[in-house]
Amino acid sequence: MNDIRASFQEVVEAEGHLIDSHIMERIFDAVVEYSGRFEVEQFRIGKTNSDPSHLRLKVETGSAHDMELLLGQLLKLGCSPVHGGDADLKIVEKDRCAPDDFYSTTNQRTFVRHEGKWVQAENQRMDAVIVVRDGRAVCRRLRDLRAGDPVVAGMRGIRVIPEAKERDRLSFAFMSNEISSERQVETAVRQTARLMEQVRDAGQKLVFVAGPVVVHTGGAQAMIRLIRGGWVSSVLAGNALAVHDIEAALLGTSLGVRQSDGRLEEHGHRNHMRAINAIYQAGSIPEAVAAGRLTTGVMYECVKAGVPFVLAGSLRDDGPLPDTITDMNLAQDAYAAHLRGAGIVLCLSSMLHSIAVGNMLPSWVKIVCVDINPAVATKVSDRGTGQAIGVVTDVGLFLDLLARELEKK
């Protein structure tokens, strides 16, 4: 511990699986990192897998500024001041403008103390503001704030509950946030399949976030089988997935490359534009299906099975397809709506969309991020989505193995 003359003290408490999840050592490290020192006043270890441990800690720093910084770090680790009282609420004076010291949320389960009671925040997500009204606390984006909204300011009266590490040592052993190309793909597939079964049995959604690489690697046929098997609740993607899926369905190429033999089609670079044009002639993807113009592919199967899809546009898009949402705020709203109630999200070779989805999800929703590039899963985790699991492999191979595993049932 650092040798300082501490003049500012706080007593904080934390509860949960503090040892299994290495939270306690991270709490101690945070105190030292912020030039503080600590004294353990009380520690009780949970006696069974379901029992939480309890930590009561006195922390000291040399300045009020250091204490505020330290409390901010400890709050993320589940520590809350014992004598904090109710959360401080301030009124928004102008639409979309929060007070300077507003509390910015993490994706961890969060409670706000209001009128002497702990109230769990609804719509949990990272980078949000908490609005408290009529006994409820709700996470809201900055752009959704309105004048008169009472929002949580500072860090008092807030309790964050970090997700505990899986305590069942025999179940989903690979479900840690390690990212390794050496992990056996078959093992990851089997355990992802078991998790998908649990999620579906619990009545939760299975959301697929897919990039065009799914089509380029031949993974579309496996994804079609998953849709037909009822393993896909919704598909979130960019314009490119749908364009190249429809290109493959209508013209047999993906990015101008023939899917039959992997050779470049003459003038094939135009095919994706021909696919977009065909959908414009029909009016939309569902209308192309209804007219018999589109008769196969991932988008066709989504329409036929009633699986909703959202296509979010970008500056890079050709066309884009008439179904693509080019207003980013509207696209984000549509993504968020389909993510509500999700139990698992499979992110398939789409870095930017995977990061975006990770930002919208609470920490207790599992994310399996499949990409041939290990940096993608790393970026998703680095943005704060600690529950993301990286599987480094070809996404087409992964989907084929996953479909085969689930078809055994």
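Coordinate-derived values only; no laboratory data. Fair warning: this is a prediction, and the values are worked out from it, not measured in the lab. Cβ atoms come from the backbone with ideal geometry, glycine included; neighbour counts cover every protein chain shown.
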Compute the signed sum of charges (Lys and Arg +1, Asp and Glu -1) over the other residues within less than 13 Å, Cβ to Cβ, of Ala237.
-3
Within a 10 angstrom radius of the beta carbon, how do Ile130, Ile325, Ile276, Ile91 rank from fewest other beta carbons to most?
Ile91, Ile325, Ile276, Ile130
List the relative contact order of the chain as a percent without decimals, with contacts defined as Cα pairs under 8 Å and 6+ residues apart.
15 percent
What value in Å³ per residue do you get for the convex hull of the alpha-carbon atoms in the chain?
167 Å³
Sorted on mean Cβ neighbours within 10 Å (highest first), peptides 71-83, 348-360 come out as 348-360, 71-83
Charge context of Gln221, other residues only, Cβ under 13 angstrom, K/R +1, D/E -1
-1
Using only Cα positions of segment 285-325, each an equal point scatterer, no hydration layer, compute I(q)/I(0) via Debye at q = 0.16, 0.20, 0.33 Å⁻¹ and quote the log10 values to two decimals.
-0.43, -0.65, -1.13
Can you compute the equivalent ellipsoid semi-axes for segment 1-82, i.e. the square root of 5 times each eigenvalue of the Cα gyration tensor, sorted largest first and rounded to whole Å?
24, 11, 11
Return one quarter of the surface area of the convex hull spanned by the alpha-carbon atoms of segment 30-136, equal to its mean projected area, in nm².
8.8 nm²
Under a straight-distance cross-link criterion of Cα-Cα below 19 Å, which aspartates and glutamates are reachable from Lys304, leaving out those fewer than 8 residues away in the same chain?
Asp245, Glu247, Glu287, Asp323
How do Trp231, Trp118 line up, fewest other C-beta atoms within 10 Å first?
Trp118, Trp231
The base-10 log of I(q)/I(0) that the Debye equation returns for segment 84-165 at q = 0.10 Å⁻¹, one scatterer per C-alpha, is -0.20
Candidate cut points under GluC sites (Glu not before Pro) in segment 57-147, DSSP loop plus at most 16 other Cβ atoms within 10 Å of their own Cβ, are Glu93, Glu115
Using C-alpha positions alone, give me the convex hull volume of segment 179-407 per residue in cubic angstrom.
118 Å³
Over segment 1-82, what is the relative contact order in whole percent, taking alpha-carbon pairs under 8 Å and six or more residues apart?
44 percent
Note down the relative contact order for segment 179-407 as a percent, whole number, built from C-alpha pairs under 8 angstrom at least six residues apart.
28 percent
